[in-house]
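**Student:** Pasting a structure below so you can have a look.
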Amino acid sequence: MDSDKYLEGQSMQRPPLFESDSFIYWKNRFETYVKSKDLDLWHVITNGDFQPIIQNPETKLDEVVPFEKQTDDLKRRLAKNNEAKMVIYNALPRKEYEQIFIQVKDNKIDLLVQQYEQFVISEDESIDSAFARFNTIITSLKALDEGYSSNNYVRKFLRALHPKWRAKVTTIEESKDLTSLSLDELIGNLKVHEMIIKKDSEIVKAKVKRKSLALKAKKESSDEECSTSGSENEEYAMAVKDFKKFFKRRGRFVGQPRNNKKTFQRSRYNKNGKSERKCFRCEDPNHFIGECPKPSRDKNQREFVGGSWSDNGEEDDEKSKMRHVL
């Protein structure tokens, strides 16, 4: 019997049969056999089945790919799942298989029940994607346990929806009998509402975009007007500046005071060309106070004629006035 097992394993047609009393020896032989056939098979045996899941490039979320949309490469990878199972089946005697299968089955049911209880739908996930994941869980549960059933699928799916669906969930709960509502009918209802939400969102985004473009155009127009106005003001200031320089060079700028010296000299003569100035002491128009033969009446006046003044502040003020008159 042992020689038959050895020959069976060495033939490379079938993996070595399981030996409970020499588990380590069998394990090493079995691992070597599988890896020599296909490394992908060993990956499936140690890490679990390949899943028909790809990442949505828009939402960055993993989504289950329906069979009709699976590529040939993905189908080849999924086929490795069944090949790995066949290798394990061929390596197990019937009794061992039954014991292991029952244990694996129970573990899978526990895992699926946990996935069912923890099932949630993210904010950006579509109803189709969420339903595909949910349906995989409940279908697998039914396949492993024929006696498993739940009438709570509808309520579970509603509770798993993101809070943004709260208003819709409340409407369904108030208007529908959840005990008689099928899961397919619920999904159809939610997909219609999802399309409405998507359309409303697109309308809002379009309005925001138009408003943003209008504000941008208005700002650009305002900046252009300010730039033009600033340029015109600058040109006007330069023109005024040049205008002032032009007339200043000719002494004819409006507002510029006339020659005070010429005006003062003209004011000293009357219409007949005679001087209107008089001697400060005797009021004789024919001479000035420096040539006046009449003696001064006081000391201060003599000091004034001599060109000297006292240090008194009041006398200094009087001297300033007298000079201004002359």
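Derivation of every value follows stated rules applied to the coordinates shown; laboratory data play no part. Treat the numbers as computed from the prediction; the structure is a model and nothing was measured. Every residue, glycine as well, gets a Cβ built from its backbone with ideal geometry; the counts of neighbours run over all protein chains shown.
**Student:** Amide H neighbours of Ile53 under 5 Å, at least 5 residues apart or on other chains, H built in the peptide plane: list them.
**Tutor:** Result for Ile53 returns Val65.
**Student:** Still on this structure: Let me check I've understood the local charge: for Ile137, count other residues with C-beta under 14 angstrom from its C-beta, Lys and Arg +1, Asp and Glu -1. What total comes out?
**Tutor:** +1
**Student:** Can you give me the long-range amide H partners of Leu61? Hydrogens built in the peptide plane at 1.01 Å from N, cutoff under 5 Å, separation of 5 or more residues or another chain.
**Tutor:** Here the answer is Asn56, since their amide H atoms fall under 5 Å of that of Leu61.
**Student:** Still on this structure, I have one more. For Asp284, enumerate residues with amide H under 5 Å from its amide H, sequence gap 5+ or separate chain, H modeled in the peptide plane.
**Tutor:** Under 5 Å from the amide H of Asp284: Cys279.
**Student:** Right, something else. Enter the Cα centre distance for the pair segment 28-78 and segment 93-161, rounded to the nearest angstrom.
**Tutor:** For segment 28-78 versus segment 93-161, the Cα centre distance is 19 Å.
**Student:** Counting pairs of alpha carbon atoms under 8 Å apart in space and at least six apart in sequence, what relative contact order in percent does segment 27-128 give?
**Tutor:** Value for segment 27-128: 24 percent.
**Student:** Between Glu291 and Ala167, what is the spin-label point distance in nm, taking each point 7 Å from the Cα along the Cα→C-beta axis?
**Tutor:** 11.2 nm
**Student:** Starting from segment 29-115, pick out the GluC sites (Glu not before Pro) whose DSSP state is loop and whose Cβ has at most 16 other Cβ atoms within 10 Å.
**Tutor:** Glu58
**Student:** Given axes a ≥ b ≥ c from the Cα gyration tensor, I'd like to know whether segment 54-172 is rounded (a/c under 1.5), prolate (a/b larger than b/c) or oblate.
**Tutor:** oblate
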